[in-house]
Amino acid sequence: MNQSLAENTHTAGRIAFVRSAWHEDLLENAWRAFTATMAEGGWPSGTIDLIRVPGAFEIPLRARLLADSGRYRAVVASALVVDGGIYRHEFVANAVLGGLMTVQLETRVPVLSAVLTPHHFHEHAEHRGFFAEHMAVKGAEVARACLDVLAPQPEARAA
């Protein structure tokens, strides 16, 4: 990790990590990888709040309330919106991701997504094992993106 990034990332504030209760055991891996990677970047686990919501559909409203609170420098969302054999998951995924984009555009608080929408997920050991590992990868990826977004930026120069 870039030493100056690790030293300068955490200046003040907290980060909110909003997690769906559906497939919580798989999403726990995203949370653990996220907090570990953030700690490496200068944000110890005590500066990150875990907020649970019933499902992915509830994440945008909670993200908005957290962003509006003024307490958080960033909000991270984590969920698994699975294809249960009907087309509903596409509507849910679109609503969640569109809602998260709206939150960050309207509040100017960065909102990052580890909301995955796998097709053909099945509740058997092979898929659960794959997605358990995959969510850990996604947790670390969203943490690196969060660190980049929160890193001090050089002032833009007018041309």
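The values are calculated or read from the model by the stated rules, or taken from the named source; none is laboratory data. Bear in mind the structure is a predicted one, so any value in this text is a computation, not a measurement. Virtual Cβ from ideal backbone geometry, glycine too; neighbours counted across all protein chains shown.
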For this session: Any chance you could count how many residues in segment 45-80 are farther than 19 Å from Gln104 by Cβ and in contact (Cβ under 8 Å) with a residue 24 or more places away in the chain?
Result: 6
Exercise. Counting only residues that are of a type in the set (Asp, Glu) and surrounded by fewer than 15 Cβ atoms within 10 Å (Cβ to Cβ), which one in segment 111-147 is modelled with the highest pLDDT?
Worked result: Glu133
Exercise. If you take the residues of segment 10-53 that are touching an Asp or Glu at 6+ places or on another chain (Cβ under 7 Å) and not hydrophobic (A, V, I, L, M, F, W, C), which of them is farthest from Ala151 (Cα to Cα)?
Worked result: Arg14
Problem set entry | Some residue of segment 47-59 being more than 21 Å from Met101 (Cα to Cα), out of contact with any Phe, Trp or Tyr (no Cβ under 6 Å at 6 or more places or on another chain) and part of a helix (DSSP H, G or I) | yes
For this session: Please tell me if Arg19 is at pLDDT 95 or above and under 16 Å from the mean Cα position of the chain (by Cα).
Result: no
For this session: Specify which of the listed residues (Ser20, Ser45) is surrounded by fewer than 21 Cβ atoms within 10 Å (Cβ to Cβ), closer than 15 Å to Gly139 by Cα and hydroxyl-bearing (Ser, Thr, Tyr).
Result: Ser45
For this session: Scan Ala77, Ala67 and give me the residue that is at pLDDT 90 or above, part of a helix (DSSP H, G or I) and either more than 18 Å from Leu27 (Cβ to Cβ) or not basic (Lys, Arg) (or both).
Result: Ala67
